[in-house]
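Colleague: Handing you this structure, nothing more for now.
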Amino acid sequence: MNKLDENLAKIEFKIFQLRDKLNQLQAEKAALEQENKELKIKLSENNTKFSAVEQGLNQAQSFMKENQATDTDVPSKYRKEIDRYIEEIDKCIEWLHNY
């Protein structure tokens, strides 16, 4: 019977190890799911910002094509807006390179 008790003790120990590992993996899974959810939200927000910047760029390009303007012909109001769009585009490109 002593050998049987030893084997049962070993099996019980392995069960406790498996239970602890399962709990650890479940906690890790929950943390990863939360991180994934947050990253998806952040990605969606960044895509929205990128779309807005892209739309602004398209508007600026349309304006430039319509007026066939050179840098000296563009009023400072539009030049500042175009420069702002270019900065936002640069930020988006940098963000895309980082991900």
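The values are calculated or read from the model by the stated rules, or taken from the named source; none is laboratory data. Treat the numbers as computed from the prediction; the structure is a model and nothing was measured. All Cβ positions, even for glycine, are placed from backbone atoms using ideal geometry, and neighbour counts span all protein chains on display.
Colleague: Is there a residue being closer than 30 Å to Trp95 by Cα, surrounded by 10 or more Cβ atoms within 10 Å (Cβ to Cβ), under 36 Å from the mean Cα position of the chain (by Cα) and modelled with pLDDT of 95 or more anywhere in the stretch 11-27?
Modeller: There is no residue in the stretch 11-27 that is closer than 30 Å to Trp95 by Cα, surrounded by 10 or more Cβ atoms within 10 Å (Cβ to Cβ), under 36 Å from the mean Cα position of the chain (by Cα) and modelled with pLDDT of 95 or more.
Colleague: Just the residues that are of a type in the set (Ser, Thr, Tyr) and in a helix (DSSP H, G or I), please, taken from the stretch 77-99.
Modeller: Correct list: Tyr78, Tyr85.
Colleague: Can you list residue pairs whose Cβ atoms sit under 6 Å apart, with the first residue in the stretch 65-86 being modelled with pLDDT of 70 or more and the second being among the β-branched types (Val, Ile, Thr)? Count only pairs 6 or more apart in sequence or on different chains.
Modeller: As it stands, the answer is none, since no pair meets every condition given.
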